[in-house]
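**Q** Following this message is one structure expressed as structure tokens.
A short reminder: the numbers here are calculations on the coordinates, not readings from a lab. Please read all numbers here as calculations on a predicted model, not as lab measurements. Positions of Cβ are generated from backbone atoms using ideal geometry, with glycine treated the same way; all protein chains shown enter the neighbour counts.
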Amino acid sequence: MTERFDDWQPPTIEERKLTKWNWMVQGVEMLKLGKKTDIGAFTYINASNGVTIEDEVQVASHCSIYSKSTIDGKQGPVILKKNSRIGSHSVIMPGVTVGENSIVGAFSFVNKDIPANVIAVGVPAKIIRELKEGER
């Protein structure tokens, strides 16, 4: 992590209100937020069935993370494992785990688990390759 996280402090998160960095959570009591996380502006997190964002996770701007879908009725906790990175405008659906160090490319739709140490992109997201040791 870069020096910008040296003085990282947990954000103040209020139900359905924009944070200082302009992202929002619904179901805030079910959100577990790790240390040195970075969540981009205009990201929406529906944590009503549990969302865990582990340490050093980066979520780019304009993402949507759903633990409950009103479209198809799916529900389930979402877990973003340590050092995973989610590209801008991506959607993470209920019951999905993104593995440690994995990268989800911008504009991806993630409706199945992504294992550790891979890059996944697309609609729906598919693994395109494994990360090399120096890329993690």
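**Q** Relative contact order for the chain: what percent, with Cα pairs under 8 Å and sequence separation of 6 or more?
**A** Reported as a whole number, the value is 14 percent.
**Q** What FRET efficiency do you get for Leu18 and Asp55 if R0 is 25 Å and r is their Cβ-Cβ distance, rounded to the nearest 0.05?
**A** 0.60
**Q** How do Tyr44, Tyr66 rank when sorted from fewest to most other Cβ atoms within 10 Å of their own Cβ?
**A** Tyr44, Tyr66
**Q** Also, quick follow-up: Place the peptides 34-43, 17-26 in order of packing, highest mean first, counting for every residue the other Cβ atoms within 10 Å and averaging per peptide.
**A** The densest-packed peptide leads the list: 34-43, 17-26.
**Q** Please give the length that would be gained between Glu130 and Ser64 if that part of the chain were fully extended, namely 0.36 nm times their separation in residues minus their C-alpha to C-alpha distance (nm, one decimal).
**A** 21.3 nm
**Q** With the cut-off at 27 Å, tell me which of the pairs Lys17/Lys74; Lys82/Lys126; Lys20/Lys132; Lys35/Lys112 have Cα atoms farther apart than that.
**A** As for pairs spanning more than 27 Å Cα to Cα, those are Lys20/Lys132.
**Q** From the backbone phi of region 90-101, what are the Karplus-calculated ³J(HN,Hα) couplings (6.51 cos²θ - 1.76 cosθ + 1.60, θ = phi - 60°) in whole Hz, Gly and Pro given as x?
**A** Per-residue couplings from phi come out as 7, 10, 10, 8, x, x, 9, 10, 9, x, 4, 6 Hz.
**Q** If the cut-off is a Cα-Cα distance under 15 Å, which aspartates and glutamates reach Lys32, setting aside same-chain residues fewer than 8 apart in sequence?
**A** Lys32 reaches Glu14, Glu15, Glu54, Asp55, Glu56.
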